[in-house]
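K.L.:
Mind looking over this structure? Questions follow.
The values are calculated or read from the model by the stated rules, or taken from the named source; none is laboratory data. Owing to the predicted nature of the structure, the values given are computational and were not obtained by experimental measurement. Heads up, the Cβs are rebuilt from the backbone with ideal geometry, glycines too, and the neighbour counts pull from every protein chain shown. The area values use the complete protein model at the heavy-atom level, side chains included, leaving out ligands, DNA and RNA. Shrake-Rupley method; radii C 1.70, N 1.55, O 1.52, S 1.80 Å.
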Amino acid sequence: MSFVWLWTDLMVWSLLFVILAGIRSIKNSEQARKQWRSIFESRVAMASMVILTFYFVFALLGSVHVQLTSNGENTSEKRQGVYSVLDLSLIHLIEQTERTYSAPFATHEYSTSLNFDENGQVSQSYLVLKHGGQHLTNGASIWLDVLVKTGLPLLVTLGIMALLLMVHAYFRFKAFALRSINDKANKMPWKTAYISFFSLLFLFIWFYYMSHFYHVLGTDKVGQDVLLQSIKSIRTGVLIGLLTTLVMLPLALILGISAGYFKGWVDDVIQYLYTTLNSIPGVLLIAAAVLVMQVIITNNSDWFGSTEERADLRLLFLIFILGLTSWTGLCRLLRAETLKISQVEYVSAAKAFGLGPFKIIKNHILPNLMHLVLIALVLDFSGLVLAEAVLSYVGVGVDPTTASWGNMINQARLEMAREPMVWWSLFSAFVFMFTLVLAANLFSDRVQTVLDPRRVN
Amino acid sequence: MALALSTVLNIKNLSIAVNDSPLINDISFSIESGEIFALVGESGSGKSLTSLAIMRLLPEALQVTAGEISLNQTELFALPEYQMQKIRGRQVAMIFQEPMTSLNPVMKVGEQVAEVLRVHLKIRGKQARQKVVSLFEEVGLPQANDRYDWYPHQLSGGQMQRVMIAMALACEPDLLIADEPTTALDVTIQAQVLELLKSIRDKRGLSILFITHDMGVVSEMADRVAVMKQGEIVEQADKDHFFSNPQHPYTQQLLADAIPKQSFKPIIDTNALLQINDLKVHFPVKKGLFQRTVGYVKAVDGVTLTIKKGQTLALVGESGSGKSTIGQAILKLVNSTSGSVDFSTPGVGEAGIESIVDFTALTEKQMKPFRKKVQVIFQDPFSALNPRMTISEIIREGMDSLQVGSRDKKDQDARIEELLEQVGLLSEHKYRFPHEFSGGQRQRIGIARALAVEPELIICDEPTSALDVTVRAQVLNLLEELQQKYQLSFLFITHDLSIIPAIAHEVAVMKEGRIVEQGSVEQVMRFPKHEYTQALLNSAPKLLRQEMP
């Protein structure tokens, strides 16, 4: 067993460090701390953040890959190749595949198939699943079984929550004891945070526990568990949302601020660049780039050690393409704001002190643009998650072997036309994506209200 | 006259609060028909809130907690909203401070007035146009018929304010609320607009509630005066009585600060610190696909000035006269087209020879050592300080960049504290952010920032025009003190004639990029030679003119 670090893994972990550094710098500046505190004073923002953190943790778990080699003795033939930690913790789902479609919590397949019994008789019947619901004795009620099996996850969740509450209570008591009488206690909506954390934790533990006995969200055409796919897709969605902004941000910042501050020919060149880029339809540009990349990948298949590496490179490439085509909006915004700020008197005062342009940008312009950047980033995140789904649906998105909501929806296109309809793939992809995008949107809404300098206090 | 005695507006015990903290506390006054009632106060005293309460246009967060307002014996707070809509515009009309933002920029001005007629009086078509044109004539717009089809940006500020007045008069209201109607205008235009409002009052028997902070305007306009302070009316009296015998100490303070100092400063002949010779700043006007230069805006067109060591030169002019551009050209914030800005540095030692440097010929790098000699204070205390920096960071910036004083952080901190105390702030203020301070305090921080690099010349670009009169007096005193202490020279750019005797030794009057008259303050203000200077002085409110020495 050895660790394998794919490109996107490295990027997402470095992003974690950037986020941690950001939190540290917020802690150091009183103004920023006050602002973030007031962001989290909203219950909606708090609940959204809990959900986003959950998704991010799954993305992180999916971003640690190990190479399993079969040395003949301990592992079966199946377990070799590259697995993520997330895969390993859900390994039973990877191994327990069915033959074809089965509905959530089903014990039998979804459609009838021809069957030969011992007597050579041909009959049409619903075949029994290999794994789903096979612990049940004949005639037992599924729902009663599910209800009984809910007990253990509930207990585990309550245990974890109790532990968490104790730790948190200790810190809060310490803060309370150290606080002087005059300071007001900050009124964070901890109750909302706990309720949403509890709900999510319970849901996932329940899913995890149930998945040992049932296919909780059914199986797809080739019998793979839909829950597994949905959870694995989290990484793809979050990565595209986060890393694309990472690619886009330096471009938008450097070009936008230079255009706004230096004006003249620099401004002209940058403006021409982004108006040209903006006038080409985004999907067309992305499709063209992806197709070129596909040709390169097929012609140079010896570059990649494994299919995972190939799929990863394709994901990375998609991130870069999306980043390179989506910086124009933020760039335009930053240019306009920089134009405005560079006319403000404190910039004139800095010039009168003989500060150079880069110092002025660093000390006076950039800090006054950060609210715009932050708002744009959080808003773009949900747009990019949706863009991945659209692109994969069109067929120019991530590699077909990569689990992603877009790919799930793309496959579900044909399933919707079946009679009876296979709805659970689409449904799962939709619910997982919807939750993420909704949480991101609600959070960005709050960020915008708090950080917007024009807001009325 | 029975009509003149009837009460148009009566406010009784009005109180307004936001979240239980009172903004207006139990005020009462009444306005008679044909009377101009001035409501005077500094910013935040609640005078504009009062006017909004009359129109019932208060923001939703604010609540009227007590009192009543009656207009022509109708209780306004008892009316349903649809009846109130009829009263707004028909019985009460309002004009605002900023004519630019009060008019819709994409609609012809005539149409905007005609719209009011259509809504309230149901006058349409040609008739409406005729009525608008006659209104335009009444408010003194030249070529009224042509102006009907103009857009707001084609009009000057004074003309826009006239259009606003025409719009307010369109439905022949009984009460006109004028909320600082001349504050955004130049003095000569201000005099004209005030004259217009007065003549309309006389012709129509209109009552005017005149809201202002300017005592000069009050003395010009009002029949009766009420002074507001922190949501309360502290004094209410007839104009003559008010000015001759103010009762409340706050009113006395206001009047003392508003009325200029009586004496001129003695002129001592010292060496020139800065000599501006035939300075021209022309901005190219670019047009077309390839941005070819088609002409020039001559912001500064051949200006020659001398600023003497330890003295103040006041540069007076109306907006657009190019006075601020001169300041920027000295600092090399804009490039000058031709001419020279010669700065003299005294030589070292007894026999040192004075060296003269022309700023316009220097590169940015060569200019840097001179940046600490010339500093600047800005007009708007809110935009002059970076909102993301603490006060100590703001003051330290120049010391670091220009390497003034010690490089040691502890010594710098001590110096920052010393500077803050010098400008009348506390040393613990240095860890705060600009938004925690009032306008006057911010202006003091701006002064401390300029002082930090120990300059010889400070360019004061309208440093007091955004401040209330009492704060203005304090800031002017501070500048005066600093000049005495450090032998500073000031180039004091202003449009406000009343403060010139208090601050300046010499004065230069600027118009359309040129200096039309310059000399000692006494000479220019007592015996103005150029007709523009005379016009400026005559436009100043009578109160200030009388008191000018």
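Let's see how each residue does on (1) out of contact with any helix residue (DSSP H, G or I) (no Cβ under 8 Å at 6 or more places or on another chain); (2) not in a helix (DSSP H, G or I):
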| residue | (1), (2) |
| --- | --- |
| B:PHE77 | yes, no |
| B:TYR82 | yes, no |
| B:ILE87 | no, no |
| B:MET100 | no, no |
| B:ASN104 | no, yes |
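K.L.:
Assess whether B:HIS429 counts as being open to solvent by less than 30 Å² (accessible area, probe 1.4 Å), more than 14 Å from every other protein chain (Cβ to nearest Cβ) and more than 30 Å from B:LEU536 (Cα to Cα). Don't jump to the end; show me each part of the working.
P.N.:
Working: open to solvent by less than 30 Å² (accessible area, probe 1.4 Å): yes; more than 14 Å from every other protein chain (Cβ to nearest Cβ): yes; more than 30 Å from B:LEU536 (Cα to Cα): yes.
Yes: the conditions hold for B:HIS429.
K.L.:
Taking segment A:233-248, which residues are open to solvent by 10 Å² or more (accessible area, probe 1.4 Å) and modelled with pLDDT of 90 or more? Explain how you work it out, then say what you get.
P.N.:
Going residue by residue through segment A:233-248, those that are open to solvent by 10 Å² or more (accessible area, probe 1.4 Å) are A:235, A:242, A:245-247.
Passing the criteria: only A:ARG235.
K.L.:
How many of the residues in segment B:378-410 are open to solvent by less than 40 Å² (accessible area, probe 1.4 Å) and not in a loop (DSSP other than H, G, I, E, B)? Spell out the reasoning first.
P.N.:
Start the filter on segment B:378-410 by keeping residues that are open to solvent by less than 40 Å² (accessible area, probe 1.4 Å), which leaves B:378, B:381, B:383-386, B:389-392, B:394-399, B:401-402, B:404.
Now drop any that are not not in a loop (DSSP other than H, G, I, E, B), which leaves B:391-392, B:394-399, B:401-402.
The qualifying residues number 10.
K.L.:
Still on this structure, please answer the following. How many of the residues in segment B:106-130 are farther than 28 Å from B:GLU180 by Cβ and assigned to a loop (DSSP other than H, G, I, E, B)?
P.N.:
3
K.L.:
Follow-up. Mind listing just one residue for me: the one in segment A:302-325 that is of a type in the set (Gly, Ala, Ser) and either in a helix (DSSP H, G or I) or in contact with a helix residue (DSSP H, G or I) (Cβ under 8 Å, 6 or more places away or on another chain) (or both) and, of those, nearest to A:ASN407 (Cα to Cα)? So that I can check it myself, show each step before the final result.
P.N.:
As a first pass, look at segment A:302-325 and keep what is of a type in the set (Gly, Ala, Ser): A:305-306, A:311, A:323.
The next check asks that each one be either in a helix (DSSP H, G or I) or in contact with a helix residue (DSSP H, G or I) (Cβ under 8 Å, 6 or more places away or on another chain) (or both); those that pass are A:311, A:323.
On the way: A:ALA311: 13, A:GLY323: 21 Å.
Filtering segment A:302-325 for residues that are of a type in the set (Gly, Ala, Ser) and either in a helix (DSSP H, G or I) or in contact with a helix residue (DSSP H, G or I) (Cβ under 8 Å, 6 or more places away or on another chain) (or both), the one nearest to A:ASN407 (Cα to Cα) comes out as A:ALA311.
Table: residues versus (1) in a loop (DSSP other than H, G, I, E, B); (2) open to solvent by less than 40 Å² (accessible area, probe 1.4 Å); (3) not polar (S, T, N, Q).
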{"residue": "B:PHE243", "(1), (2), (3)": "no, no, yes"}
{"residue": "B:ALA256", "(1), (2), (3)": "no, no, yes"}
{"residue": "B:LEU274", "(1), (2), (3)": "no, yes, yes"}
{"residue": "B:ASP278", "(1), (2), (3)": "no, no, yes"}
{"residue": "B:PHE290", "(1), (2), (3)": "yes, no, yes"}
{"residue": "B:GLY295", "(1), (2), (3)": "no, yes, yes"}
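K.L.:
Mind checking which residues of segment B:481-499 are at pLDDT below 85 and assigned to a helix (DSSP H, G or I)?
P.N.:
Residues satisfying the conditions are B:LEU497, B:SER498, B:ILE499.
K.L.:
In addition: If you take the residues of segment B:356-390 that are more than 27 Å from the chain's Cα centre (by Cα) and among the aromatic types (Phe, Trp, Tyr), which of them is farthest from B:GLY439 (Cα to Cα)?
P.N.:
Selected residue: B:PHE359.
K.L.:
In addition: Among the helices (runs of 4 or more DSSP H) confined wholly to segment A:1-111, which include 2 or more residues that are of a type in the set (D, E, K, R) and open to solvent by 30 Å² or more (accessible area, probe 1.4 Å)?
P.N.:
Details: elements: A:7-28, A:30-40, A:43-61, A:85-89, A:91-95.
It comes to A:7-28, A:30-40.
K.L.:
Can you tell me which residue in segment B:113-141 is nearest to B:LYS198 (Cα to Cα), limited to those that are of a type in the set (Lys, Arg) and open to solvent by 60 Å² or more (accessible area, probe 1.4 Å)? Even if it seems obvious, please write down each step before you answer.
P.N.:
Taking segment B:113-141 as the starting set, the residues that turn out to be of a type in the set (Lys, Arg) are B:118, B:122, B:124, B:126, B:129, B:131.
Now restrict to residues that are open to solvent by 60 Å² or more (accessible area, probe 1.4 Å): B:118, B:122, B:124, B:126, B:129.
Values: B:ARG118: 27, B:LYS122: 28, B:ARG124: 30, B:LYS126: 30, B:ARG129: 25 Å.
Within segment B:113-141, the match that is nearest to B:LYS198 (Cα to Cα) is B:ARG129.
K.L.:
For the list (1) of a type in the set (A, V, I, L, M, F, W, C); (2) within 13 Å of chain A (Cβ to nearest Cβ); (3) buried (at least 20 other Cβ atoms within 10 Å of the Cβ), I need the number of the one condition that B:LEU419 fails.
P.N.:
With respect to (1) of a type in the set (A, V, I, L, M, F, W, C); (2) within 13 Å of chain A (Cβ to nearest Cβ); (3) buried (at least 20 other Cβ atoms within 10 Å of the Cβ), B:LEU419 is out only on (2).
K.L.:
Looking at segment B:172-188, which of its residues are at pLDDT 85 or above, assigned to a loop (DSSP other than H, G, I, E, B) and at negative phi?
P.N.:
Residues satisfying the conditions are B:PRO173, B:ASP174, B:PRO181.
K.L.:
Taking B:GLN487 as the residue in question, decide whether it is over 19 Å from the mean Cα position of the chain (by Cα), crowded, with 19+ Cβ neighbours inside 10 Å and touching a residue at least 24 places away in the same chain (Cβ under 8 Å). Can you show your working first?
P.N.:
Details: over 19 Å from the mean Cα position of the chain (by Cα): yes; crowded, with 19+ Cβ neighbours inside 10 Å: no; touching a residue at least 24 places away in the same chain (Cβ under 8 Å): yes.
Taking the combined requirement at face value, the residue does not satisfy it.
K.L.:
Right, B:SER340: more than 14 Å from every other protein chain (Cβ to nearest Cβ), modelled with pLDDT of 85 or more, open to solvent by less than 30 Å² (accessible area, probe 1.4 Å) and in contact with a helix residue (DSSP H, G or I) (Cβ under 6 Å, 6 or more places away or on another chain) or not?
P.N.:
Numbers: more than 14 Å from every other protein chain (Cβ to nearest Cβ): yes; modelled with pLDDT of 85 or more: yes; open to solvent by less than 30 Å² (accessible area, probe 1.4 Å): yes; in contact with a helix residue (DSSP H, G or I) (Cβ under 6 Å, 6 or more places away or on another chain): yes.
Here the answer is yes, as B:SER340 does meet what is asked.
K.L.:
Based on what the data block shows, is B:GLU393 within 13 Å of another protein chain (Cβ to nearest Cβ), closer than 24 Å to B:GLU436 by Cα and of a type in the set (Asp, Glu)?
P.N.:
yes
K.L.:
Scan segment A:339-349 and give yes if some residue there is part of a helix (DSSP H, G or I), under 23 Å from the mean Cα position of the chain (by Cα) and away from chain B (no Cβ under 14 Å), otherwise no. Walk me through how you get there before you give the answer.
P.N.:
The initial filter retains those residues of segment A:339-349 that are part of a helix (DSSP H, G or I), namely A:339-341, A:345-349.
The next check asks that each one be under 23 Å from the mean Cα position of the chain (by Cα); those that pass are none.
The answer is no, given that none of the residues of segment A:339-349 is part of a helix (DSSP H, G or I), under 23 Å from the mean Cα position of the chain (by Cα) and away from chain B (no Cβ under 14 Å).
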